[in-house]
Amino acid sequence: MTPEERLASLGLTLPAPLPPRANYIAYRRVGDLIFLAGHGPRLPDNTYRVGRISSADQIAGAYADAQLTGLNMLATLKEALGELHRVRAVVKLLGMVNAEPTFTEHFKVIDGCSALLVDVFGEAGRHARSAVGMGSLPNGMTVEVEAIVQVS
């Protein structure tokens, strides 16, 4: 099954990739690595899911935001590669959560992105990762994730 077929089996579709809103590029390829810029839970209308995570009862919504962020990252990868089957390994993620200082379960939020990548790529989707809390994120978005991906 291709990564695109796995997405469909999960009932998910890739959004159209949206260009960055500031002075940077969405990705840079160096050899067999693609460095994805920070992506967030951007919606098709070019707005973001926003908010600051402060308690465990917000984890489910923030997890979904991290999954949406993963879908946006996959859309950028597909734009860069043409086909997602060219992904050899998701090497590393840095997941950032817009959180109150007392919130300590950032890892549970970023699991939304991590689980998506494993569901889509199988073992090649398993990755090293950092999940950290931030005092704020651009546009007030709930999460931001950047990645390093090995490709063919």
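Hey, among the residues in the stretch 89-124 that are under 25 Å from Ala16 (Cβ atoms) and not in a helix (DSSP H, G or I), which one's farthest from the chain's Cα centre (by Cα)?
Selected residue: Asn98.
I'm told Leu18 meets every condition in (1) closer than 23 Å to His127 by Cα; (2) within 15 Å of the chain's Cα centre (by Cα) except one. Can you identify the failing condition by its number?
(1)
Determine, yes or no, whether Asp111 is among the acidic types (Asp, Glu), in contact with a strand residue (DSSP E or B) (Cβ under 9 Å, 6 or more places away or on another chain) and touching a residue at least 60 places away in the same chain (Cβ under 8 Å).
It is false that Asp111 is among the acidic types (Asp, Glu), in contact with a strand residue (DSSP E or B) (Cβ under 9 Å, 6 or more places away or on another chain) and touching a residue at least 60 places away in the same chain (Cβ under 8 Å).
Go through the stretch 1-21 and give me each residue that's assigned to a loop (DSSP other than H, G, I, E, B), without any contact (Cβ under 8 Å) to a residue 40 or more places away in the chain and more than 20 Å from Asn46 (Cβ to Cβ).
Matches in the stretch 1-21: Met1, Gly11.
Checking the conditions here, which among Val50, Val30 is modelled with pLDDT of 95 or more, in contact with a strand residue (DSSP E or B) (Cβ under 8 Å, 6 or more places away or on another chain) and farther than 17 Å from Leu12 by Cβ?
After applying the criteria, what remains is Val50.
Only residues that are surrounded by fewer than 20 Cβ atoms within 10 Å (Cβ to Cβ) and either under 21 Å from Tyr48 (Cβ atoms) or touching a Ser or Thr at 6+ places or on another chain (Cβ under 8 Å) (or both): list them for the stretch 72-83, please.
Lys78, Glu79, Glu83
When you check Asp45 against the structure, is it outside any loop (DSSP other than H, G, I, E, B), without any contact (Cβ under 8 Å) to a residue 12 or more places away in the chain and over 17 Å from Glu146 (Cβ atoms), yes or no?
no
The values are calculated or read from the model by the stated rules, or taken from the named source; none is laboratory data. The model shown is predicted, which means the values in this text are computed figures rather than measured ones. All Cβ positions, glycine included, derive from the backbone under ideal geometry; neighbour counts span all protein chains shown.
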